[in-house]
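The values are calculated or read from the model by the stated rules, or taken from the named source; none is laboratory data. Source: prediction; values computed, not measured. Cβ placement follows ideal geometry from the backbone for every residue including glycine, while neighbour counts extend to all protein chains displayed. Just so you know, the surface numbers come from the protein's heavy atoms only, side chains and all, with ligands and any DNA or RNA stripped out. Shrake-Rupley method; radii C 1.70, N 1.55, O 1.52, S 1.80 Å.
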Amino acid sequence: MTRMILEKLKKMFPKSERIKRQLIYAKQNEYRRFAESVPTQENWIVFSSFAGGSYSCSPRAIYEYMLQSDDYRDFEFIWILKNIDEFQFLKKNPRTQVVKYYSKEFWKVYARAKYWVNNYTMSVYLYPKKDQVYIHTWHGKPIKKIGCDVNGSLTEWNNYRDILFRYTNDVKKMSFLLSCSDFYSDCMRTAFRFDLAGNPDVLVKTGYPRNDSLFKFTQADVDRLKQRMGIPVGKKVILYTPTWRPEHYIKSKGFEYNQKCIDFTKLKRALGDEYVILFRTHHMTVVKDVPEGVINMSDWPDVNEVFIVSDLMIGDYSGTVYDFAVLKRPMVFYLYDREKYEKLPGVYMDLDELPGPIVYHEEELGKAIVETLANFQYDEKYRRFNQKYNPLESIDCAKRTVELCIPPKRKESSV
């Protein structure tokens, strides 16, 4: 059946899973035929973060390492972005182009680029040729269950059949899937259903390139960032990074932030004037009204910059906990809905391993923050946490990744 006929049938029967799958396969085949008709450029590399939503995360770290390395001076770089006007500054970098997500040029560069670097599930229509290399840098380290592991898979926001198709389809394409620990590898194997995908050897222990910057900053960097963020000099900085809650799902939009979980006016009163609170939500969370009394950092492009200006994190089930732990700074864990969350969506780790006090009631939070900051020690429990969940994090994960996955080429080309 042709793609045009299938698209008409999809409009007539929008809920038909069979027609939906047939249309996907038709578009995949159409792309494959085009890709096979054009030569692969050995020194092209295409980058994408959050499906073209940002210039960030491990793809950015890998790109910036390659950009400054003499070994890759003959490579050409293409960034896929939805809002290309916002990222025109990238064109000032040597050998760098910016291409709009899902434009005609989008399909052309993926068909021709030897290397793909991506931190999100890839478009189901794209499929690498035999001589192309797809490097997947998942965008977070999971505490909560992800992909095919999520409990309650028959809910509106998590249709298991769709998730299974998307995740197994993606892992089948991968040449490399970056891992930061044995624990992480085990999570990825089940979340992506390696047993069904038939591609069990893609995991490589490199650490997370995006976290290299957590080993490189100076106090001058911190001071400069605080000034840009509007953080008053001399304040103690508390960072709150809540993840999404399944019960707050909004169809076709994401997960609404639960405004009732913390009264920030009361929290600031409990802490006093010497504290300032930063607020950063999960990228899938919708915030209708920014809570009063906080500095909203949800749209700040580099989360690591938010980490390094913060003295303490209020964490929950967000993977930001693992990354912040690299800094060996104090954390307090606000798990007001622990019993519910352990059931849906579920968690991978024993939450009692978290390296800091766990608070279940809002009125206890201010006291826990003050006491933890005053008495913090990087103790044996915290060390065990980093040894288990962050054993590979270091200053050179990007270098390690590139040397393993992208051997340098010496070949002239232009986009």
**Request:** Return the only residue of Asn119, Asn151 being on the phi < 0 side of the Ramachandran plot and either surrounded by fewer than 20 Cβ atoms within 10 Å (Cβ to Cβ) or out of contact with any Ser or Thr (no Cβ under 6 Å at 6 or more places or on another chain) (or both).
**Result:** Asn151
**Request:** Please go through region 352-375 and pick out each residue that is touching a residue at least 60 places away in the same chain (Cβ under 8 Å) and open to solvent by less than 70 Å² (accessible area, probe 1.4 Å).
**Result:** Glu362, Leu365, Gly366, Ile369, Val370, Thr372, Leu373
**Request:** Evaluate the following for Val290: is it β-branched (Val, Ile, Thr), surrounded by fewer than 18 Cβ atoms within 10 Å (Cβ to Cβ) and over 21 Å from Ser54 (Cβ atoms)?
**Result:** no
**Prompt:** Taking into account only those residues within region 351-385 that are outside any helix (DSSP H, G or I) and under 15 Å from Leu267 (Cα atoms), which is farthest from the chain's Cα centre (by Cα)?
**Reply:** His361
**Complete:** Per the filter on region 133-169, residues within 21 Å of Ile24 (Cα to Cα) and modelled with pLDDT of 95 or more are Tyr134
**Request:** Can you tell me which residue among Leu392, Leu327 is over 22 Å from Asn151 (Cβ atoms), assigned to a loop (DSSP other than H, G, I, E, B) and in contact with a Gly (Cβ under 6 Å, 6 or more places away or on another chain)?
**Result:** Leu392
**Item:** Residue, farthest from Gln219 (Cα to Cα), within region 289-336, restricted to residues that are at pLDDT 95 or above and aromatic (Phe, Trp, Tyr)
**Value:** Tyr336
**Prompt:** Tally time: how many residues in region 204-223 are part of a helix (DSSP H, G or I) and touching a residue at least 60 places away in the same chain (Cβ under 8 Å)?
**Reply:** 9
**Request:** Please go through region 224-239 and pick out each residue that is outside any loop (DSSP other than H, G, I, E, B), over 21 Å from the mean Cα position of the chain (by Cα) and not charged (D, E, K, R).
**Result:** Leu225, Gln227, Met229, Val237, Ile238
**Asked** With (1) over 30 Å from Phe77 (Cα atoms); (2) of a type outside the set (Val, Ile, Thr); (3) more than 21 Å from the chain's Cα centre (by Cα) as the list, and Glu403 as the residue in question, which single condition is left unmet?
**Response** (1)
**Fill in**
Inside region 240-251, the number of residues satisfying the requirement of being in contact with a Phe, Trp or Tyr (Cβ under 7 Å, 6 or more places away or on another chain) and either open to solvent by 40 Å² or more (accessible area, probe 1.4 Å) or outside any loop (DSSP other than H, G, I, E, B) (or both) is 4
**Request:** Might you let me know whether region 224-233 holds any residue that is without any contact (Cβ under 8 Å) to a residue 24 or more places away in the chain and closer than 25 Å to Cys148 by Cβ?
**Result:** no
**Prompt:** Is it true that Arg112 is under 16 Å from Phe192 (Cβ atoms) and basic (Lys, Arg)?
**Reply:** no
**Item:** Pair list, Cβ < 7 Å and 6+ apart or interchain, from region 338-350 residues that are over 14 Å from Cys187 (Cα atoms) and assigned to a helix (DSSP H, G or I) to residues that are among the aromatic types (Phe, Trp, Tyr) and at pLDDT 95 or above
**Value:** Arg338/Tyr360; Tyr341/Tyr317
**Item:** Lys205 vs. criteria open to solvent by 60 Å² or more (accessible area, probe 1.4 Å), within 15 Å of Arg400 (Cα to Cα) and not hydroxyl-bearing (Ser, Thr, Tyr)
**Value:** yes
**Asked** Do we find a residue being among the aliphatic types (A, V, I, L, M), in contact (Cβ under 8 Å) with a residue 40 or more places away in the chain and closer than 24 Å to His139 by Cα anywhere in region 67-78?
**Response** yes
**Prompt:** If you take the residues in region 264-287 that are of a type in the set (Val, Ile, Thr), buried (at least 19 other Cβ atoms within 10 Å of the Cβ) and over 22 Å from the mean Cα position of the chain (by Cα), which one is nearest to Lys253 (Cα to Cα)?
**Reply:** Ile277
**Request:** Look through region 170-203, keep the residues that are assigned to a helix (DSSP H, G or I) and closer than 22 Å to Gln22 by Cα, and return whichever of them is modelled with the lowest pLDDT.
**Result:** Ala197
